Amino acid sequence: MKIIIDNKKELARKIKEFRKSGRNKIHVLSDFDRTLTKAFVNGQKVPSVISIIRDGSYISKDYAKKANALAEKYHPIEIDSNISIEEKKKAMDKWWREHFDLLIKSGLSKSDIERATKSHLIQLRYDSKEFLHELNENTIPLVILSSSGLGGDSISMILKNNNVQCNNISILSNTYKWDKKGKAIGIKEPVIHVFNKDETTLEGLPIYDKLIDRPYIVLLGDSLGDLGMIEGFPYKEVIKIGFLDDGYGDLEKYKEFFDVVITEDGDFSEVNKILKEILD
């Protein structure tokens, strides 16, 4: 694991501002897959919870083949730093909608999601539980804003499986419509993908009123698109921490836009260190 801080003076200034503001003015905004969870387990790449569904015998046999075809078509667009954000947004919206339609037609059920989230391949990053518990003990809101293909149901299940489903956590993610038997029959709007995750999506929800009074944000993500989570929100200061795993992005771009870059499927030790400096 490497921890890269290009401008240590600027990070120190931000930490000082956070300490002056007080913990009651702070909230944390985080992505989920490959941010709170590990990207590799036993050398095997685990890009998202949805991969467990895709590669396992959970739903119709032809689902994996069709899902992989969609990934081969759209994933190169997602990670190509030469393609504009607007082009990426259009492509990701098409990918997500086509994938949701495929999942529904393939017979996705809540029980499939529950089985998948219990896989040994789904693991939180080392030391992330300490981070989550520290936030809860200090009543600092954590908003998980995720474009997960399995939505908030999967995230809640994973947090519960790891005994970190705390009251300070709010989840905003894609939401399925279920029938009485627990089968997916549709997806609710808006569809959230990696390049349209925006904190103003929270506007109108109860948590939004609490966040307005907490304009100092610690942002955690694994994609340059995650930086868009703060767009439109009236923040005063933000500390941006990015997890960069092999094959998922351009290091120079990450160093330019994130205050801290953590590589090689790193743990939360540096995140916990920064949080401790803020709260002490």
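The values are calculated or read from the model by the stated rules, or taken from the named source; none is laboratory data. Since the model is a prediction, treat every value here as computed from it, not as a measurement. With ideal geometry, Cβ positions are generated from the backbone for all residues, glycine too; neighbour counts draw on all protein chains shown. Keep in mind that these areas ignore ligands, DNA and RNA; they rest on the heavy atoms of the full protein, side chains included. Shrake-Rupley method; radii C 1.70, N 1.55, O 1.52, S 1.80 Å.
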What nm distance separates the two modelled labels at ILE207 and ASP246, each placed 7 Å from Cα along Cα→Cβ? 3.4 nm
A 1.4 Å probe over the protein heavy atoms gives the chain a carbon and sulfur accessible-area percentage of 47 percent
If the chain between ASP179 and GLU134 were fully stretched, how many nm would it gain, using 0.36 nm times the residue separation less the Cα-Cα distance? 12.4 nm
What three numbers, in Å, describe the spread of the alpha carbons of the stretch 123-280 along their principal axes, ordered from the longest? 48, 36, 33
With the Cα gyration tensor of the stretch 40-111 in hand, convert its eigenvalues to equivalent ellipsoid semi-axes via √(5λ) and list them largest first in whole Å. 23, 17, 9
Where labels lie 7 Å past Cα in the beta-carbon direction, separation of ASN7 and LYS188 in nm: 3.9 nm
With angles folded into 0 to 90 degrees, how steeply does helix 63-79 sit against the dominant principal axis of the chain? Use alpha carbons for both and round to 10. 30 degrees
Kirkwood-based Rg over Rh for the stretch 194-239 (C-alpha set), two decimals? 0.95
What translational diffusion coefficient, to the nearest whole µm²/s, does the chain have by Stokes-Einstein, given a Kirkwood radius computed over alpha-carbon pairs, a temperature of 4 °C and 1.567 mPa s viscosity? 67 µm²/s
As I understand it, the value is the acute angle between the Cα axis of helix 8-21 and the longest principal axis of the Cα atoms of the chain; what does it come to in degrees, rounded to 10? 80 degrees
With each label point set 7 Å from Cα along the Cα-Cβ vector, what nm distance links GLU231 and GLU256? 1.6 nm
Kindly work out what percent of the DSSP beta bridges joining two residues of the chain are antiparallel, to the nearest 5. 30 percent
Suppose we take every Cα in the stretch 117-196 and form the convex hull; what volume per residue is that in Å³? 119 Å³
Kindly report the accessible area of the chain per residue (heavy atoms of protein chains, probe 1.4 Å, no ligands, DNA or RNA), in Å². 48 Å²
Spherically averaged projected area of the stretch 237-280 from its Cα convex hull (nm²): 3.3 nm²
Checking rank on 86-99, 255-268, with mean other Cβ inside 10 Å and highest first, the result is 255-268, 86-99
FRET efficiency for GLU87 and LYS66, using Cβ-Cβ distance with R0 set to 25 Å, rounded to 0.05: 0.60
At a probe radius of 1.4 Å, what is the per-residue accessible area of ASP112, in Å² to the nearest 10? 10 Å²
Sorted by chain and then number, the residues having a modelled amide H within less than 5 Å of the amide H of ILE239, at least 5 places away or on another chain, are ILE217, VAL218, LEU219
